[in-house]
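Student: Let me begin by handing over the structure; questions about it come next.
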Amino acid sequence: MTVTQSLTYPASPKGNQVDTYHGTTVADPYRWLENPDSPETRAWIEAQNKLTAEYLAQIPARDHIQQRLTKLWNYEKYGIPFKQGERYFYFKNDGLQNQNVLYTLKTLTDRPTVLLDPNTLSPDGTISLSGISVSEDGNLLAYGLSTSGSDWQEWKVRDIATNTDLPDHVKWVKFSGASWTHDGKGFFYSRYDEPNEKTKLEDVNYFQKLYYHRLGTPQSEDILIYERPDHKEWGFSGGVTEDGRYLIISVWLGTDPRNLVFYKDLQTPNAPVVELINTFEAEYSFIDNDGTRFWFRTDLNAPRGRVIAIDTTKGDRDHWQELIPEAEETLQGVSVLNNQFITSYLKDARSQIKTFDLDGRLVREIELPGIGSANGFAGKRHDTETFYSFTSFTTPSTIYRYDLQTGQSTLFRQPKVDFNPQDYETHQVFYHSKDGTQIPMFIVHKKGIQLDGTNPTYLYGYGGFGVSLTPSFSVSLLVWLEMGGVYASPNLRGGGEYGEAWHQAGMKLKKQNVFDDFIAAAEWLIANKYTSPAKLAIGGGSNGGLLVAACMTQRPDLFGAVLPAVGVMDMLRFQKFTIGWAWTSEYGSPDNPEEFKVLYAYSPLHNLKPGTVYPATLITTADHDDRVVPAHSFKFAAALQAAHKGTAPVLIRIETKAGHGAGKPTTKMIEEATDRWAFLVKTLDVKPNL
């Protein structure tokens, strides 16, 4: 047993496992925790959860936090409508429903009808809708289901008019959507071979294959469209063009944004798959086509993105045409509506929407309701209407209808949340990282706070995989702000806020830049009297869990509390589970001697030093996480509890019947947020005015 003040941690026996990497011996005493179903691991999970639950239960503010979260969460949330055939579709949550419900209606003034309610599929809301695809005529819905947050999906088909399921059932789908042929007779999808039922949540995923499922036939008769047994890591995403003529196959390799593009002519029987772009040199995102002329968003020779046209009848590069050149802002997405390109840019992590004609001439910039994040603008090439959402840190996601002919936005759905946004302020600052690079950071708090270094502050980050952190509304964050907390979100290198060059400046051998950026954000907040180390908490999930755990091991003196969620903690073995091999394009591989040195130097699990006073830590993970397997968090928790010398608590909260985060029921999200804020209220000595 490890004893810290009043806490007695469960026993975590050390094994004798030692591995050798390029001449360096590395002990892995908690290897036994990699088996999530062994009796020893199950007993360890139960004991850790019992300790954590008992600790959190005695925090006086916890019940008040949960009540406030539940009250604020209880508001109508609308998704962005889209039209297919003669029907509109959108998601809605009445407030506290565990899963969002899919509705359909013929006109925007009709009374909507429920098309699919995932809440009826399981009593605890742990079966979620993981993807949908509506046939061209709007009469059939293909939908994917995930159980307990797993990445594994099963797809079914529903007749929309009768609201009944057809017998079709497609299994072993992962990292794939569905795309209908225009005749409505079937859809394309990607799957893996049937896994071992006992170990499917840990086993590595290789050899994805692209299939066509014809309605009314068993999956065993599905037609194999494309596979590459010579490239086990390749994955395939198949999408039918709007005109129905082509199947566009995007070939992905891990999480690297660079991809290949193949296509197949669906109007020619037995047409071959044509390799249009066959080298992994850049990202090519298919937008639409005009006959044989394909439009792409790409970062080829343009790290912040541009739009090009490739005529497949003369595909050599001399004939490629640039339509929209690279701008100072980062081009994130492009759609074609009203015979125009609708482009979504990021300017210092804030949305900017512009329209161009098909020759690439600027038409207008779409005026947004404020500084924040806009999403949507989907539809068909000749549509004259579209919908988009707008959100900020203090603006719940609000839906607008946009008239592409007049350029006017009209309010479609505005949620009503029990708070006054005028009580809060958001500003963006720029600070310098260790090497002098300028980093932007959003800061949100109540108006009128005193900059005297005493404000409890939650610093949140990610910094990886080209992911951009833009302003968004969160009930959980609102409760933190109500309690007098400050929220800070820096746009670290490794993200996509400033294009692919920004991403590459924080990956592989340059990953330390991300940690330096985050540590510099903490130091800036302290230097500018927002907070102090004792009042500063850091948090992040997945790659962000790695971020905060690495920063804690490098600067344990700088933080009062650390909240790593579903983090990648073992940088020497991450590639050995599920889809972890795919992250070597981001992190590098332990099999490479040079990359091993960098990984070993920051791997959170391997940089805990016995006898060190670490900050209060609440690790969170889930027993069904098959993206970042829970062994990462299990091993890190055991090692941290053993190494920690101080009196601050080191706890792990292990969610059951949940995964990496997608599809998590509302009840579980509220419970987790309650525990997170209660932990910070106690460890940072917050005086909430509840």
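The values are calculated or read from the model by the stated rules, or taken from the named source; none is laboratory data. Keep in mind that this is a model prediction, so the values were computed, not measured. Cβ placement follows ideal geometry from the backbone for every residue including glycine, while neighbour counts extend to all protein chains displayed. Keep in mind that these areas ignore ligands, DNA and RNA; they rest on the heavy atoms of the full protein, side chains included. Shrake-Rupley method; radii C 1.70, N 1.55, O 1.52, S 1.80 Å.
Student: Somewhere in the stretch 658-677, is a residue touching a residue at least 24 places away in the same chain (Cβ under 8 Å) and farther than 30 Å from Asn119 by Cα?
Tutor: No, that holds for no residue.
Student: Separate question: Can you find, within the stretch 410-445, the residue that is nearest to Lys535 (Cα to Cα) among those that are more than 27 Å from the chain's Cα centre (by Cα) and of a type in the set (Asp, Glu)?
Tutor: The extreme case among them is Asp423.
Student: Next question, about the same structure. Can you tell me how many residues within the stretch 521-541 are open to solvent by 10 Å² or more (accessible area, probe 1.4 Å) and among the small types (Gly, Ala, Ser)?
Tutor: Total meeting the criteria: 4.
Student: Of these, Ser468, Ser489, Ser472, which one is touching a Phe, Trp or Tyr at 6+ places or on another chain (Cβ under 6 Å), of a type in the set (Gly, Ala, Ser) and in contact (Cβ under 8 Å) with a residue 40 or more places away in the chain?
Tutor: Ser489
Student: Sticking with this one: Can you give me the ranges of the strands (runs of 3 or more DSSP E) entirely in the stretch 378-464 with at least 3 residues that are within 30 Å of Trp502 (Cβ to Cβ) and at pLDDT 95 or above?
Tutor: In the stretch 378-464, the matching strands (runs of 3 or more DSSP E) lie at 385-392, 395-403, 424-432, 438-446, 457-460.
Student: Give the residues of the stretch 438-457 that are surrounded by fewer than 16 Cβ atoms within 10 Å (Cβ to Cβ) and either within 25 Å of Ile371 (Cα to Cα) or free of Cβ contacts under 8 Å to residues at least 12 places away in the same chain (or both), sorted by residue number.
Tutor: Residues satisfying the conditions are Gln438, Lys446, Lys447, Gly448, Ile449, Gln450, Leu451.
Student: Return the residue satisfying two criteria in turn: it lies in the stretch 264-299 and is open to solvent by less than 20 Å² (accessible area, probe 1.4 Å) and part of a loop (DSSP other than H, G, I, E, B), and of such residues it is nearest to His319 (Cα to Cα). Talk me through it step by step, then tell me what you get.
Tutor: Within the stretch 264-299, the subset open to solvent by less than 20 Å² (accessible area, probe 1.4 Å) is 271, 277, 282, 284, 288-289, 294-296, 298.
So of that shortlist, the ones also part of a loop (DSSP other than H, G, I, E, B) come out as 271, 282.
Details: Ala271: 24, Ala282: 18 Å.
Checking each candidate, the answer is Ala282.
Student: Right, here's the next one. State whether one or more residues within the stretch 248-260 are loosely packed, with under 14 Cβ neighbours inside 10 Å, of a type in the set (D, E, K, R) and touching a residue at least 40 places away in the same chain (Cβ under 8 Å).
Tutor: Looking for residues that are loosely packed, with under 14 Cβ neighbours inside 10 Å, of a type in the set (D, E, K, R) and touching a residue at least 40 places away in the same chain (Cβ under 8 Å), one finds none in the stretch 248-260, hence no.
Student: Would you point out which residue out of Thr181, Thr217 is more than 26 Å from Arg627 (Cα to Cα) and buried (at least 17 other Cβ atoms within 10 Å of the Cβ)?
Tutor: Thr181
Student: Can you name the residue in the stretch 372-397 that is open to solvent by 40 Å² or more (accessible area, probe 1.4 Å) and more than 22 Å from the chain's Cα centre (by Cα) and is also farthest from Asp288 (Cα to Cα) among such residues?
Tutor: Thr384
Student: Continuing with this model, one more query. Considering only the stretch 670-690, state which residues are open to solvent by less than 70 Å² (accessible area, probe 1.4 Å), among the hydrophobic types (A, V, I, L, M, F, W, C) and either more than 20 Å from Val562 (Cβ to Cβ) or part of a helix (DSSP H, G or I) (or both).
Tutor: Ile670, Ala673, Trp677, Ala678, Phe679, Leu680, Val681
Student: Right, something else. Tally the residues that are open to solvent by less than 10 Å² (accessible area, probe 1.4 Å) and part of a loop (DSSP other than H, G, I, E, B), restricting the search to the stretch 92-105.
Tutor: Selection size over the stretch 92-105: 1.
Student: Output the qualifying pairs, or none if there are none: Cβ atoms under 7 angstrom, residues six or more apart or on different chains, first residue in the stretch 588-608 and at pLDDT 95 or above, second residue basic (Lys, Arg).
Tutor: Close Cβ pairs (under 7 Å, with a partner that is basic (Lys, Arg)) amount to Gly588/Lys508; Glu595/Lys508; Val598/Lys511; Tyr602/Lys511; Leu605/Lys635.
Student: Could you please let me know if Asp311 is open to solvent by 60 Å² or more (accessible area, probe 1.4 Å) and more than 26 Å from the chain's Cα centre (by Cα)?
Tutor: For Asp311, the condition - open to solvent by 60 Å² or more (accessible area, probe 1.4 Å) and more than 26 Å from the chain's Cα centre (by Cα) - is not met.
Student: Name the single residue that is farthest from Gly499 (Cα to Cα) among those in the stretch 331-368 being open to solvent by less than 20 Å² (accessible area, probe 1.4 Å) and hydroxyl-bearing (Ser, Thr, Tyr).
Tutor: Restricting to residues being open to solvent by less than 20 Å² (accessible area, probe 1.4 Å) and hydroxyl-bearing (Ser, Thr, Tyr), the top hit is Thr355.
Student: Separate question: Condition first: charged (D, E, K, R) and either out of contact with any Lys or Arg (no Cβ under 8 Å at 6 or more places or on another chain) or over 25 Å from Thr126 (Cβ atoms) (or both). Now tell me which residues in the stretch 631-657 satisfy that.
Tutor: Those that are charged (D, E, K, R) and either out of contact with any Lys or Arg (no Cβ under 8 Å at 6 or more places or on another chain) or over 25 Å from Thr126 (Cβ atoms) (or both): Lys635, Lys645, Arg653, Lys657.
Student: Right, something else. Considering each of Val240, Val204 in turn, give the residue that is modelled with pLDDT of 95 or more and of a type in the set (Val, Ile, Thr).
Tutor: Val240
Student: Also, I was wondering about something else. From the list Leu115, Leu129, Leu51, Leu108, which residue is assigned to a helix (DSSP H, G or I) and either open to solvent by less than 60 Å² (accessible area, probe 1.4 Å) or in contact with a Gly (Cβ under 9 Å, 6 or more places away or on another chain) (or both)?
Tutor: Leu51
Student: Could you please let me know if Asp222 is acidic (Asp, Glu), out of contact with any helix residue (DSSP H, G or I) (no Cβ under 6 Å at 6 or more places or on another chain) and free of Cβ contacts under 8 Å to residues at least 60 places away in the same chain?
Tutor: It is true that Asp222 is acidic (Asp, Glu), out of contact with any helix residue (DSSP H, G or I) (no Cβ under 6 Å at 6 or more places or on another chain) and free of Cβ contacts under 8 Å to residues at least 60 places away in the same chain.
Student: Any idea how many residues of the stretch 65-79 are charged (D, E, K, R) and either open to solvent by less than 30 Å² (accessible area, probe 1.4 Å) or within 24 Å of the chain's Cα centre (by Cα) (or both)?
Tutor: Result for the stretch 65-79: 2.
Student: In contact with a Phe, Trp or Tyr (Cβ under 8 Å, 6 or more places away or on another chain), more than 30 Å from Glu194 (Cβ to Cβ) and in contact (Cβ under 8 Å) with a residue 40 or more places away in the chain: which single residue out of Ala565, Ala534, Ala550 fits that description?
Tutor: On inspection, the qualifying residue turns out to be Ala550.
Student: Checking the condition part of a strand (DSSP E or B), open to solvent by 40 Å² or more (accessible area, probe 1.4 Å) and free of Cβ contacts under 8 Å to residues at least 40 places away in the same chain, which residue from Glu322, Glu328 passes?
Tutor: Answer to the selection: Glu322.
Student: Condition first: of a type in the set (Val, Ile, Thr) and assigned to a strand (DSSP E or B). Now tell me which residues in the stretch 140-161 satisfy that.
Tutor: Thr147, Val157 - these are the residues of the stretch 140-161 that are of a type in the set (Val, Ile, Thr) and assigned to a strand (DSSP E or B).
Student: Could you give me the residue pairs with C-beta distances under 7 Å whose first residue belongs to the stretch 165-187 and is without any contact (Cβ under 8 Å) to a residue 12 or more places away in the chain and more than 24 Å from Val114 (Cα to Cα), whose second residue is of a type outside the set (Lys, Arg) and open to solvent by 20 Å² or more (accessible area, probe 1.4 Å) wherever it lies, and which are 6+ apart or on separate chains?
Tutor: Partner pairs satisfying both residue conditions: none exist.
Student: A further question follows. Kindly indicate whether Gly448 is of a type outside the set (Phe, Trp, Tyr), over 25 Å from the mean Cα position of the chain (by Cα) and under 18 Å from Tyr487 (Cβ atoms).
Tutor: yes
Student: Here's something else I'd like to know. Would you check which residues across the stretch 502-544 are among the small types (Gly, Ala, Ser) and either in contact with an Asp or Glu (Cβ under 7 Å, 6 or more places away or on another chain) or assigned to a helix (DSSP H, G or I) (or both) and list them?
Tutor: Across the stretch 502-544, the qualifying residues are Ala520, Ala521, Ala522, Ala527, Ala534, Gly544.
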